[in-house]
1. If you count the DSSP beta bridges with both ends in region B:116-226, what percent of them are antiparallel, to the nearest 5?
2. Return the FRET efficiency for the residue pair B:Met197, C:Lys17: r is the Cβ-Cβ distance, R0 is 35 Å, and the value is rounded to the nearest 0.05.
3. Over region A:262-352, what is the relative contact order in percent, taking alpha-carbon pairs closer than 8 angstrom and at least six residues apart?
4. Of all alpha-carbon pairs in region A:268-425, indicate the percentage at a distance above 26 angstrom.
5. Could you tell me the relative contact order of region A:8-259? Use alpha-carbon pairs under 8 Å, at least six residues apart, and round to a whole percent.
6. Holding the Cα-Cα limit at 25 Å, pick out from B:Lys166/B:Lys253; A:Lys257/A:Lys303; B:Lys41/B:Lys88; B:Lys88/B:Lys201 the pairs that are longer than that.
7. Relative to the longest principal Cα axis of chain A, at what angle does helix A:230-259 sit, 0 to 90 degrees, rounded to 10?
8. Taking R0 as 51 Å, what's the FRET efficiency between B:Glu287 and A:Glu254 from their Cβ-Cβ distance, rounded to 0.05?
Amino acid sequence: MVKPKFMEGPLKGNFASAYAAMDADVDVITAYPITPQTTVVEKLSELVGEEEFTERQHVEYVRMESEHSVGAGLVGASYAGARTFTATAGQGLLYMTEMVHWMTGARLPPVVAIQTRGITGPGWNIWADYGDILSLRDSGIMIQFIASHQEIYDSILQGFNITEHPDVFLPLFPAYGGFVLSHTAKPVKRIPWEEAQKFVRPKTPEWPHVWVDGERPIMSNALIMPQNFYTEFRIKIHEAQMNAIPVIKDTMAEFEKTFGRGYGNGLVVPYKCDDAEVLLLGYGGNALQAEDAVDKAREQGYKAGALRLRTYRPFPKEDLLHYIKKIPYVAVMERALAFGSPTGGAVSTDIMAICQRDPKARNAHIVPFIGGLGGRDVFLDEQIDQIKILYELKEKGEVPDRKYKMWDTFWTGLITGDKKVEVENQEYFGDI
Amino acid sequence: MAKTKIKDIIANPESRREYFLPGNSTCQGCGLDMAFRWAMKALGQNTVMISPASCSNVVTGLWPKSAPDWPYFNMAFAGAAAAATGMKHGLVTKGKGDYNVLVWAGDGGTTDIGIQGLSGAAERNEDIIYVCYDNEAYQNTGNQRSSSTPHGGVTTTTPYGKERYKKNLPMIVAAHNVPYVATASVGDPMDLYDKFMKAKKIKGFRYIHILAPCPPGWRYPAEETIQQAKMIVDTGVFPLFEIEDGNLTLNGKSKRLHDKNKRKPLGEYFNKKNQGRFKMVDEKILEELQMDTDRWWKWIDRFLVIQDYEEK
Amino acid sequence: MTEEKKNWELLRMNREKRPKVQNWTSYWDLPYGPVSLPVKGSAGRTGDWRTFRPVVDNEKCIKCYFCYMYCPEGTISVNDETGFVEIDYNYCKGCGVCATNCPKECIDMEKENK
Ligand SMILES: Cc1ncc(C[n+]2csc(CCOP(=O)(O)OP(=O)(O)O)c2C)c(N)n1
Ligand code: SF4
Ligand code: SF4
Ligand code: SF4
Ligand SMILES: [Mg+2]
């Protein structure tokens, strides 16, 4: 057996994605480069030729000519029963959209890693912003927000246990901040092959609901008339999302038991929530930083807690309500803008909806914050200010004003003219 | 290769089997129906078809019934070539690499929205057979213009006749240097059958462009489908050929039609009495159509001249 | 869940063992995705579309099988004993392609009297 070139040490987030896909024993990878995903496909190109992998695995790696084709290729390979993986971001994900819906409609189980990136319109932007993945909020895919390098690896490895679960059969899109995680290096541990294989779901010759066999021919995804079960098949997708909630929890519990590390219950990750009076609720890297903000604020006497939303679809209603009922002052921080929506944020809107339907959470105060768009930094001070705002609300019974509050939403980091903003001449403009 | 005769087909139980089951919803006299029938007789049941949005997606049956007696997957309009790519690679990993993987696309799905995926798959030399059945418009959505609609043709989006010319897809694919490119017509089912027999034995990207007349779209009586398909070939408008590893051979009737004088006059085909969709074709358009036909043959000449030169 | 799996098992059988028609009655017993099974007459009895019925005059037939070759629908079969062609009127759409291409003009398109 060849000694692996890398087992543990500092690793770029995107390389963690590539190793995880290989260690999950994927069959087919289709890929097309886009910043900040490129290093995933570059690394994979290397790995598929490295002896460590070639001596034990057969991976078909196809360098496609577009993301639409990447999506279609995954659908085709997945129909054949293959375990499939790809990664994309921003415009690439938008271009793949039609095929993403096809994946869920056909109930196929690929795992697709997303290096979130700003959507273009105002101008090219390649930096972290979850607007890309959230544009597929209602497509039926499972969405997870990943906050650390090790978590990237672990989530992708867990991914197939969730997507290929017979109660689920939906694709999973673990998303992490472009550049913030994709291009920085932090310690990552790979799981040795044999152990990984014991954990990862065993392969089957075909899926239970779609197969390729000349003796047992089927036609898949034919035209369905309105009166003839189209509605029911759509509801089945919703049902699968609901089924995924316990599956995600079980998978995380088993992972933690086996490898000694985990991320909450797989759905949400609480931090110092036991005695907290106010709650910072967020996702991705910002939510991890919120834990620092909580520590800082506690030094100043504010009893804050942080809750990281790790799985967004399916929506972990019960788990969120559990904390919101205990801590009814909640700042929801989002790194994506849902134009024209009630709060400007998809997550805060959802949270308000679940509170409304629960008598014990109906009076909770949900305060939306939006910031960090297109890669703008969200500073620790800004998060501490969010905690202060919650305390003002708690004491005065009213959401306080700030210059950066508009339409009842706080726009964290908004340029209000108070500070001088210098537009530097940057050396690196990035590849679009 | 000796040409298969209909008697050989009758003598062989394999090729007697009907894979595209009767009682499907193709229109009377549908050329696509014939193409399905004869392609599948050659390919057999261990064939997977990936079919993008088109008449094919509809005539193969509403859920939960289907006409194809072989694995058949509907696909998004632009995604067929890539899905077939994925399917082939997926089957290889599942020990089913011997299946024929086909794209079965209309002219719209091929010459327009699907051309990127087609070109990508051809450039990568994917081990698939890409079939374009060409009914010269978007028939499924009610007969709108495609890149493959002939000059002068009336469709619902070209009510005054199409201004531009038919896109020469077989030559575009040939420019990708793939192992096999062929044109076929449902007017010559044995030639079509033979081409599929040959194609299925070749490895790599294979492209077969089938001319498949459509009675309601072209506006001619259903019983004339074969005559229409033959006439397109006899006038030289759609030459039948194969390009194997860059070597072009003319087949069937087209063998004799390299000599322009042996072709039937274009006016017999592009004529409103022949097909309702040609009601806008006048003298001028007919001349332009002649020019366009000559251009198609020039491409063939280029191949023949190069081959000649290489032989010497 | 277990119920659904049973239904899938049946769909997954080969041609002989699988159900001839899928008869789902409620949301709860549906499979995950729409799987269609091949069947003759997927569009119903298409023979009902006919206004003209092709009738072969075996006296004149020379068994050239052009009609078999050109029938778009595949509704013409060859009787192995007699060698004559037979038409499946359940599904023959009456397009007339066979009649147009018979070299002996021995297929007559007769008006259906419905
Ligand atoms: C992305 C997308 N755009 C448009 C359509 C609508 N559409 C469905 S089939 C079709 C035309 C198909 O034409 P062609 O490929 O020539 O096949 P034909 O119907 O003629 O057999 C169109 C425009 C679609 N399904 N998907
Ligand atoms: S519209 Fe044309 S191609 Fe489509 S089924 Fe009818 S005859 Fe065939
Ligand atoms: S009328 Fe048409 S469908 Fe019927 S047998 Fe003749 S060719 Fe076939
Ligand atoms: S085409 Fe005419 S002569 Fe030939 S087999 Fe058919 S019925 Fe007989
Ligand atoms: Mg068409």
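Bear in mind these aren't lab numbers, they're just calculated from the coordinates by the rules spelled out. No experiment lies behind these values; they were computed from the predicted model shown. When we count neighbours, we look across all protein chains shown, and the Cβ atoms used for this are built from the backbone with ideal geometry, even at glycine.
1. Beta bridges within region B:116-226, antiparallel portion: roughly 15 percent.
2. For R0 = 35 Å, the calculated efficiency reads 0.65.
3. On the way: 132 pairs, mean separation 30.4, N = 91.
RCO, region A:262-352: 33 percent.
4. 20
5. Once normalised by length, the contact order is 24 percent.
6. Listed pairs above 25 Å: A:Lys257/A:Lys303.
7. 80
8. 0.10
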